[in-house]
Amino acid sequence: MAIWEKTNFMADWQSSKKLLAAFLGISSGIVLFVAGSYETKWLLACIMGIVFFFSALVITRDLKFLFTLFAAFSLPVRLDFHLIIRETNYAQLKGLPITIFDLVVFVLFFYWVYQIVQKKASVRFFPIISIPAIIYICLAGLSAFLSEDKVLSFSMFILIVKAYFIFLYFANNIKTKRELFWIVLVLSSGILLQSVIGMLQFVTGGTLGMDMFGEGERAVRSSRVGYALLSRVGGTIGDPNSLAMYLNLILPIMLCFVFTKTKLLLKVAISVIFIMGCLTEVLTLSRGGWLALGVALVVSFYGIFKWKLKSRLKSVVLMFCVILFTATTAIGLFADVRARLFEDDYGSAYKRLPMMEVALNIIQKNPFFGVGLNNYATVMNRYDRTRENISYTLPYPVHNAFLMIAAESGILALIAFLFILLGGFKLAMLFFEGKDQFFSLLGIGWICGILTWIVHAQFRMDFAGINVFLWFSLGMVAALHQLLREEVRQKELKPLFEI
């Protein structure tokens with residue numbers, strides 16, 4: 001009887017595998033057929049995705065793990081389409097974009113919800129972040145409801161809600177060192193790819209014809225400094241400042257990973273990619289990016305040395321020595337860096353001041369609910385009282401992410417968003433106590449990545465509520481906090497069981 005049941009089970013399993021193979025084959029064919037009717041970039045993206053999926057499936061059967069890695073890899077990939085699009089004459093979000101990352105995370109999120117319904121998974125809300133996040137979402141939604149152009153507003157509102165769900169998913173579903181280890185490797189591969197592309201752009205002095213991957217016309221820009229015209233690279237992220245922000249969010253993680261207990265060969269490889277990423281950061285000629293990375297490296301080295309030396313004083317001394325050496329080397333070796341820092345930029349930095357003045361005028365007139373999500377560029381001309389008529393000569397939203405939130409959604413929304421960031425830093429305090437090397441150092445790296453965004457966002461136009469990488473990073477900080485707490489709890493309980 002037992003042999004017959006075992007035979008039946010094996011037959012059912014073989015049959016299930018055949019059905020699964022048939023389903024995947026048919027699905028792949030349908031996807032390619034549909035993609036063929038769109039732009040070439042989508043057909044190519046689908047082919048690459050299918051090849052990646054089946055290649056990875058040979059290595060492991062853990063589909064959730066595969067999709068998680070693919071989500072991490074697709075974060076900087078700018079392959080998207082718009083469900084809603086609104087043509088405007090200003091630089092702002094023009095509709096509702098859907099990216100490859102969104103599609104992958106949707107599958108993961110749907111599976112997680114299914115597990116919750118089946119009571120195979122649970123939800124941890126991390127109230128220190130979720131409560132201000134929900135308040136921020138409500139205030140943003142109210143500002144969208146009161147806005148002039150509701151299509152533009154509610155497109156962004158949907159993206160803000162999506163960003164919070166991204167935080168919630170990764171905060172709850174990254175539960176092992178294996179997942180963290182491979183996510184760092186995948187993110188590092190993205191830095192390697194962007195570094196190679198950026199260096200090639202610098203050598204050739206122009207774009208590489210990779211429009212389908214998001215390179216675009218603004219990927220390589222020229223800035224007049226002194227008597228020279230300097231070339232700035234942007235990889236496939238979009239523009240030099242965006243590339244700098246992307247690099248800054250990951251480079252501190254890589255730096256901290258090098259100091260964890262892992263194989264020497266892997267440490268060398270990550271170190272080489274880290275150096276390549278830093279060189280590419282230099283080639284972006286983003287002064288805000290340099291400042292942000294410098295601040296983050298200060299905190300990263302402090303955390304690393306404190307963990308290694310167990311002394312705050314020694315950590316501070318070594319930290320300043322490393323930063324002084326790095327800054328001196330960069331300024332001494334790179335003429336473009338000296339030019340960008342010390343020579344005339346023809347008002348490039350100054351223009352941000354009248355832009356801020358316009359933003360402050362908007363906030364003064366609309367302190368509670370702002371002018372509506374994604375409506376800043378639509379109404380900014382009415383509030384322009386500057387001598388330079390900056391909103392006409394430079395028709396961009398203010399280059400400060402925090403003023404943007406206050407202007408579009410009100411001061412209360414800005415306060416709520418600041419509490420979201422404070423919640424992330426509150427969770428991160430545990431990383432500096434040095435209870436577990438791997439989780440602590442990676443946690444320091446991730447929170448320092450968020451710190452780079454905070455610094456850089458003072459000088460750059462960025463829609464904070466929909467910055468997917470920022471919310472992903474907050475989710476990783478929350479996940480690492482929980483993992484570290486559980487690790488510490490297990491170590492404290494172990495002696496009791498031994499007794």
(request) Express in nm, to one decimal, how much length is gained between Gln118 and Glu487 on full extension, taking 0.36 nm for each residue of separation and deducting their alpha carbon distance. (result) 130.1 nm
(request) Quick one: check the C-alpha center-to-center distance for the range 380-400 versus the range 411-486, whole angstrom. (result) 32
(request) Could you state, as a whole-number percent, how many of the C-alpha pairs of the range 157-295 are farther apart than 26 Å? (result) 33
(request) Could you let me know the centre-to-centre spacing of the range 164-183 and the range 188-206, using Cα atoms, in angstrom? (result) 28
(message) Below 15 angstrom from the Cβ of Gly449, what's the summed charge of the other residues (Lys, Arg +1; Asp, Glu -1)?
(response) -2
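No lab work stands behind these numbers, since they all come straight from the coordinates. Keep in mind that this is a model prediction, so the values were computed, not measured. A quick note on method: Cβ atoms are made from the backbone with ideal geometry, for glycine too, and the neighbour counts reach across all protein chains shown.
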